[in-house]
Amino acid sequence: MFKKIVTRYRYSAILLKQLVITDFKLRYQGSILGYVWSLLKPMALFVILYIVFTKFLKIGSDIPHYPVYLLLGLVLWNYFSEATTGSIGSIVSKGDLIRKINFPKYVIVMAASFSALINLFLNFIVIAVFMVLNDVQITKYILFLPLVILELFVLSLSLGFILSAAFVRYRDITHIWEVVLQGLFYATPILYPISLLPPKAAKLAILNPLAQIMQDARFALISPQTQTIGSLFPNRQWVRLLPLLAVTICAVFAATYFRSRSKYFAEEV
């Protein structure tokens, strides 16, 4: 059984590897700083927002290690935004390849997500440096961080499948998703602590899988004092499963929808 699985997906894995390498190289081709931009862009945004929120708006003074708190939120959001946005046109951009060669189409979308994942791991180097500078103490909860990143990866990949498949037929998807991203950015506690929201609003906001992921990542990496869905719903254990259930439903729908649409890609791209 194991050999059959390896044989079946070996070609897909090789193709995925080559697409990821090619996409990552082309992204910074012709740039003087090259891969350094993957670190400089979130850092520049972090510096601007940190000055605005801490010096002018006076937000985050009661949050332990707020600079790292803010930077981690921005890095995770940048990954989500990059993975989903990069996936939208991935099928259409490979139209010539799809018409000439028969291969698993899902590999194209996965390549966009894995390319963004490489940037995420590079940005965690910067986060680690800031953790040292801010004297953030590592706790046992850091062991949960890979699970949180996995949840974010599954959510981003699932949305990437849906968006890329829909974009083949509906080219307005790009503009719609840009508006949705703007709304999600402000609805998710990235710039502001969730503790600033009224209790009812905070409970509603944390049901957003992105908010749950942000808070759980901060809890695992920065401070156990971070408010999570568990601390906001201490007496309702089942509520903690709602964001995970939403991600699971999204993943199942994405797989079903992408598979049903993929057989028409060669005709429509």
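The values are calculated or read from the model by the stated rules, or taken from the named source; none is laboratory data. Keep in mind that what you see is a predicted model, and the values were worked out from it rather than measured. FYI the Cβ positions are ideal-geometry reconstructions off the backbone, even for glycines, and counts take in every protein chain you see. Note: areas computed on protein heavy atoms with side chains; ligands, DNA, RNA excluded. Shrake-Rupley method; radii C 1.70, N 1.55, O 1.52, S 1.80 Å.
Points to keep in mind about this one:
- Per-residue extension of 0.36 nm, minus the Cα-Cα distance of THR248 and ARG169, leaves a gain of 25.9 nm for this segment.
- Cα centroid of region 124-160 to Cα centroid of region 71-105, whole Å: 22
- The long axis of helix 173-187 is offset from the longest Cα principal axis of the chain by roughly 20 degrees.
- Size check on region 75-150: the Cα extents along the three principal axes, sorted descending, read 54, 20, 14 Å.
- Scattering from the chain was approximated by placing one identical point on each alpha carbon and applying the Debye formula without solvent; log10 I(q)/I(0) at 0.08, 0.14, 0.15, 0.16 1/Å stands at -0.36, -1.06, -1.19, -1.30.
- Accessible area of the chain divided out per residue, in Å², using a probe of 1.4 angstrom: 55
- Counting only heavy atoms of the protein chains and using a 1.4 Å probe, ILE59 has close to 40 Å² of accessible surface.
- Residue with peak Gaussian network fluctuation, the chain [Cα springs, cutoff 10 Å], from ARG236, ARG259, ARG218: ARG236
- Rounded if a/c under 1.5, otherwise prolate or oblate - region 122-201, Cα gyration tensor axes: prolate
- Top of ASN119, ASN235, ASN78 by mean-square fluctuation, Gaussian network on the chain, Cα under 10 Å: ASN235
- Residue among LYS203, LYS105, LYS58 with the largest mean-square fluctuation in a Gaussian network model of the chain, springs linking Cα atoms under 10 Å: LYS58
- Dipole magnitude (debye, nearest 20) for the chain, charges at Cβ of Lys, Arg, Asp, Glu: 820
- Links that overshoot a 23 Å alpha carbon limit, given the list LYS94/LYS263; LYS17/LYS105; LYS100/LYS263; LYS41/LYS140: LYS41/LYS140
- Relative contact order (%) - criterion: Cα under 8 Å, at least six apart; region: the chain: 25
- Its Cα gyration tensor gives region 180-253 an equivalent ellipsoid, and the semi-axes of that ellipsoid, as √(5λ) in whole Å with the largest first, are 18, 16, 12.
- Both the radius of gyration and Dmax for region 122-269 are 17.9, 56 Å, in that order, over alpha-carbon atoms.
- Rounded percent of accessible protein surface that carbon and sulfur make up, region 51-92, 1.4 Å probe: 64
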